[in-house]
């Protein structure tokens, strides 16, 4: 199969990296934000705001994937 790596096309590898790579990066960012909230002694409200902003970013990423999936049907 020409133009493929380990039986996968470049587009398939890029889609896998985008979906799972960015997803793993978001989970890693959760730990970073938790550590930041603890070190800065942000309190309950400050920690809530930090996680709220990160959650909105995650929601946007998930919504993008759902919309792409629905348009591909």
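Worth a mention:
- For the stretch 28-68, the tally of residues that are modelled with pLDDT under 85 and either touching a strand residue (DSSP E or B) at 6+ places or on another chain (Cβ under 9 Å) or under 30 Å from residue 5 (Cβ atoms) (or both) stands at 4.
- Residue 59 being surrounded by 10 or more Cβ atoms within 10 Å (Cβ to Cβ), touching a helix residue (DSSP H, G or I) at 6+ places or on another chain (Cβ under 9 Å) and not in a loop (DSSP other than H, G, I, E, B): no
- Tally of residues being assigned to a helix (DSSP H, G or I) and either surrounded by 11 or more Cβ atoms within 10 Å (Cβ to Cβ) or at pLDDT 90 or above (or both) across the stretch 1-16: 5
- All conditions in (1) surrounded by 12 or more Cβ atoms within 10 Å (Cβ to Cβ); (2) within 11 Å of the chain's Cα centre (by Cα); (3) at pLDDT 85 or above hold for residue 24, with the sole exception of (1).
- A search for C-beta distances below 8 Å between a residue of the stretch 57-70 that is free of Cβ contacts under 8 Å to residues at least 60 places away in the same chain and any residue that is surrounded by 10 or more Cβ atoms within 10 Å (Cβ to Cβ) and part of a helix (DSSP H, G or I), counting only pairs 6+ apart in sequence or on different chains, returns 57/26; 58/26; 61/22; 61/23; 61/26; 65/19.
- In the condition set (1) more than 14 Å from the chain's Cα centre (by Cα); (2) farther than 25 Å from residue 66 by Cα; (3) surrounded by 10 or more Cβ atoms within 10 Å (Cβ to Cβ), residue 32 is compliant with all but (1).
The values are calculated or read from the model by the stated rules, or taken from the named source; none is laboratory data. Model, not experiment: these values are computed from the prediction. We place every Cβ from the backbone using ideal geometry, glycine too, and count neighbours over all the protein chains shown.
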